[in-house]
Amino acid sequence: MKNDESRNDESRNVNNISTEAATSPDGSKKSHDKSAGREAFRYAFPLTVPICAGFLFLGISYGLFAVGQGLPWYLPIIMSATIFAGSMEFVTVALLTAPFDPLGAFILAFMVNGRHIFYGLTMLTRYTSQGWKKYPLIFGMCDESFALNATVNLPDNVDRGWFYLHVTWLNFVYWVLGVAMGSIGSQFITLNLKGIEFVLAALFAVIFLDILLKGKNLLPGCIGLGVSLLMRIVLGPDVFMLPAMALMVVIFSLLYKFKGKKETDLADEGGTAS
Amino acid sequence: MTAWEMTITIGAVVLGTMATRFISFVVFAKSEKPPAIVTYLGDMLPAAVMGLLVVYSLKDVSLSVAPNGIPEAIALVILAAVHYWRRNLLLSIAVGTIVYMFLVQEIF
């Protein structure tokens with residue numbers, strides 16, 4: 001991830017590559033308003049190529065996994081296009097093979113995707129000012145689209161709204177395409193896929209490890225893992241999720257009260273003093 | 001589960017997911033700065049929830065029933081080593097999954 005950050009910081013390199021691509025092929029720059037979308041696309045597409053690779057791999061894995069768990073081939077495709085949140089789609093496969101509990105499903109989806117609330121706070125002003133585009137932008141605000149749109153440094157001649165939108169819909173298409181390839185392809189694949197479900201644990205473990213390696217979120221990461229392990233051991237595999245999440249919110253609220261609040265009070269005092 | 005129950009379950013997940021994406025834009029449509037505790041929870045919860053998801057995805061592993069979680073442990077150690085070495089999310093996920101599939105198919 002350090003590499004990614006430095007890549008974003010060194011966006012001049014990316015700019016050079018993209019501007020070359022944008023200006024060389026044809027003279028569509030004359031009607032600037034009409035070509036704003038195309039211009040932004042030429043800038044957005046190269047940045048989404050790594051996400052394309054990742055989404056195709058994960059999407060194929062998800063499609064294979066879901067069909068392997070007994071779901072009909074079209075259901076993972078529908079879920080990928082409507083839920084559009086990778087980890088929650090894996091969890092939904094488990095929900096669909098468990099007893100019917102729509103309220104539990106809603107609460108679980110809200111808690112599992114709670115990080116989007118933070119993304120929303122970050123993109124609040126940037127997306128709200130995009131007119132009609134803000135609805136597809138918010139609908140498709142997955143980890144990867146957020147990461148690109150929140151960190152990119154755009155030159156003035158590239159339309160921000162179109163750039164955000166191109167990144168968002170491209171990533172959406174990569175994911176749905178990957179899932180479709182996996183779930184449809186699984187009917188023709190005779191490979192022994194026992195153990196493919198581990199891709200889920202591997203995905204979460206790697207993201208978690210990446211957070212720990214960055215060092216910044218060591219404390220909340222360890223609290224989250226510790227609380228979850230404790231609740232899993234005490235309450236068993238079936239009902240530990242919601243109590244674990246509730247306990248986390250309580251712990252972090254207390255931490256905020258005793259530790260975080262002091263810091264913000266100091267910051268506020270500093271702010272009013274100056 | 002019937003087809004109707006599946007539809008409702010997926011619908012509930014869609015609603016829950018979209019609520020997380022739209023809520024900030026609805027709640028803070030007018031004010032510029034969200035309350036400090038919301039920002040604080042937004043800082044803390046992503047890492048904590050990822051820890052929870054690790055446990056969730058391995059919740060049915062039993063240490064007392066064969067193979068005692070050994071394939072999971074081996075795959076996770078190799079995954080962690082690869083990730084520490086290369087810091088490439090996709091490579092680490094691919095290696096970890098392939099190692100696990102090999103272990104449960106050929107050895108355990």
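The values are calculated or read from the model by the stated rules, or taken from the named source; none is laboratory data. Computed from a predicted model, the values in this text were never measured in an experiment. Here Cβ is always computed from backbone atoms with ideal geometry, including for glycine, and neighbour counts include all displayed protein chains. Accessible surface is based on the protein model in full, side chains and every heavy atom, while ligands, DNA and RNA are left aside. Shrake-Rupley method; radii C 1.70, N 1.55, O 1.52, S 1.80 Å.
Name the one entry in B:Ile107, B:Ile78 that is in contact (Cβ under 8 Å) with a residue 12 or more places away in the chain, within 29 Å of A:Ala147 (Cα to Cα), open to solvent by 60 Å² or more (accessible area, probe 1.4 Å) and more than 7 Å from chain A (Cβ to nearest Cβ).
Numbers: B:Ile107 fails: within 29 Å of A:Ala147 (Cα to Cα).
That would be B:Ile78, the only listed residue that is in contact (Cβ under 8 Å) with a residue 12 or more places away in the chain, within 29 Å of A:Ala147 (Cα to Cα), open to solvent by 60 Å² or more (accessible area, probe 1.4 Å) and more than 7 Å from chain A (Cβ to nearest Cβ).
Residues A:Met181, A:Met231: which one is open to solvent by 50 Å² or more (accessible area, probe 1.4 Å) and either over 17 Å from B:Tyr56 (Cβ atoms) or free of Cβ contacts under 8 Å to residues at least 60 places away in the same chain (or both)?
Going through A:Met181, A:Met231 in turn, just one is open to solvent by 50 Å² or more (accessible area, probe 1.4 Å) and either over 17 Å from B:Tyr56 (Cβ atoms) or free of Cβ contacts under 8 Å to residues at least 60 places away in the same chain (or both): A:Met181.
State whether one or more residues within the range A:138-157 are open to solvent by less than 30 Å² (accessible area, probe 1.4 Å), within 29 Å of B:Leu103 (Cβ to Cβ), in contact (Cβ under 8 Å) with a residue 12 or more places away in the chain and of a type in the set (S, T, N, Q).
No, the range A:138-157 has no match at all.
Exactly one condition in (1) modelled with pLDDT of 85 or more; (2) part of a loop (DSSP other than H, G, I, E, B) is not met by A:Gly195; state its number.
(1)
Within the range A:94-103, does at least one residue satisfy the condition of being under 30 Å from A:Asn192 (Cα atoms), in contact with a helix residue (DSSP H, G or I) (Cβ under 7 Å, 6 or more places away or on another chain), β-branched (Val, Ile, Thr) and within 11 Å of chain B (Cβ to nearest Cβ)?
Taking the range A:94-103 first, the residues under 30 Å from A:Asn192 (Cα atoms) are A:94-99.
From the residues that got through so far, the ones that are in contact with a helix residue (DSSP H, G or I) (Cβ under 7 Å, 6 or more places away or on another chain) too are A:95-96.
Imposing the further condition that a residue be β-branched (Val, Ile, Thr) reduces the set to none.
Checking the range A:94-103: not a single residue is under 30 Å from A:Asn192 (Cα atoms), in contact with a helix residue (DSSP H, G or I) (Cβ under 7 Å, 6 or more places away or on another chain), β-branched (Val, Ile, Thr) and within 11 Å of chain B (Cβ to nearest Cβ).
Considering every residue within the range A:95-104, establish whether at least one is of a type in the set (Asp, Glu) and crowded, with 20+ Cβ neighbours inside 10 Å. Show your work before the answer.
Here is the first cut: in the range A:95-104, the ones of a type in the set (Asp, Glu) are A:101.
The next check asks that each one be crowded, with 20+ Cβ neighbours inside 10 Å; those that pass are none.
Within the range A:95-104, not a single residue is of a type in the set (Asp, Glu) and crowded, with 20+ Cβ neighbours inside 10 Å.
With (1) at pLDDT below 90; (2) among the hydrophobic types (A, V, I, L, M, F, W, C); (3) open to solvent by less than 30 Å² (accessible area, probe 1.4 Å) as the list, and B:Ala12 as the residue in question, which single condition is left unmet?
Failing condition for B:Ala12: (1).
Report, by residue number, each residue of the range A:120-134 that is modelled with pLDDT of 80 or more, open to solvent by 20 Å² or more (accessible area, probe 1.4 Å) and facing another protein chain (nearest Cβ under 9 Å).
Our first condition is that a residue be modelled with pLDDT of 80 or more; within the range A:120-134, this holds for A:120, A:123-134.
Then keep just the ones that are open to solvent by 20 Å² or more (accessible area, probe 1.4 Å); that gives A:125-126, A:128-134.
A:Thr125, A:Thr128, A:Lys134 - these are the residues of the range A:120-134 that are modelled with pLDDT of 80 or more, open to solvent by 20 Å² or more (accessible area, probe 1.4 Å) and facing another protein chain (nearest Cβ under 9 Å).
Exactly one of these conditions fails for A:Gly224: (1) buried (at least 21 other Cβ atoms within 10 Å of the Cβ); (2) within 29 Å of A:Leu137 (Cα to Cα); (3) without any contact (Cβ under 8 Å) to a residue 40 or more places away in the chain. Give me its number.
(2)
Regarding the range B:17-31, can at least one residue be identified that is open to solvent by 40 Å² or more (accessible area, probe 1.4 Å), closer than 30 Å to A:Trp132 by Cβ and among the charged types (D, E, K, R)?
At the first step, the residues of the range B:17-31 found to be open to solvent by 40 Å² or more (accessible area, probe 1.4 Å) are B:22-23, B:26-27, B:29-31.
This time we only want the ones that are closer than 30 Å to A:Trp132 by Cβ, so: B:22-23, B:26-27, B:29-31.
Now narrow it down to the ones that are among the charged types (D, E, K, R): B:30.
Yes, the range B:17-31 contains a residue that is open to solvent by 40 Å² or more (accessible area, probe 1.4 Å), closer than 30 Å to A:Trp132 by Cβ and among the charged types (D, E, K, R).
I'm trying to understand the selection: among the residues of the range A:228-261, which are closer than 15 Å to B:Leu58 by Cβ and among the hydrophobic types (A, V, I, L, M, F, W, C)? Show your work before the answer.
In the first step, residues of the range A:228-261 are kept if they are closer than 15 Å to B:Leu58 by Cβ; the result is A:228-233, A:236-238, A:240-241, A:244.
If the condition is that a residue be closer than 15 Å to B:Leu58 by Cβ and among the hydrophobic types (A, V, I, L, M, F, W, C), then A:Leu229, A:Leu230, A:Met231, A:Ile233, A:Phe240, A:Met241, A:Ala244 are the ones that fit.
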